[in-house]
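Each reported figure results from applying straightforward, stated rules to the coordinates on display, with no laboratory input. None of these values were measured; they are calculated from a predicted model. So basically every Cβ, Gly included, is an ideal-geometry build from the backbone, and we count neighbours across all protein chains shown.
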Amino acid sequence: IESQIETAFQREVSLPSGGAIVIDPTEALVSIDINSARATKGSDIEETALNTNLEAAEEIARQLRLRDMGGLVVIDFID
């Protein structure tokens, strides 16, 4: 539980595959950026992007609940 509380106050949250999500709440909206960084899940760039995006989507949902965030949420997935 303590590790979950710690991640609730961090701007950047690491993903198990090596990627990361960056959460920036503002007055008007919550912007979330997904970075692949060292992620290597997949045989090519497109597969890595898809796997990182899927992994990030699950973590984003968890983080939004944990941080009690809602309203307009903009997510910049890897393309």
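Structure above, values below:
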| item | result |
| --- | --- |
| Rounded to 5, percent antiparallel among DSSP beta bridges of region 21-79 | 55 percent |
| Sequence-distant residues sharing a close amide H with V73 (under 5 Å, placed H) | V30 |
| Candidates D24, D33, D68, ranked by Gaussian network fluctuation over the chain, Cα under 10 Å, top entry | D68 |
| Normalised contact order of the chain, rounded percent, pairs of Cα under 8 Å and 6 or more residues apart | 31 percent |
| Helical mean residue ellipticity (222 nm; -39500 (n - 2.57) per DSSP H run of 4+; nearest 500) of the chain | -12500 deg cm²/dmol |
| Test item: Cα-centred dipole of the chain, Lys/Arg +1 and Asp/Glu -1 on Cβ, debye | 200 debye |
| Residue-count net charge about V74 - beta-carbon cut-off 13 Å; Lys, Arg +1, Asp, Glu -1 | -3 |
| Residue (of I21, T48, L66) at the positive-pole extreme of the chain, dipole from beta-carbon charges | L66 |
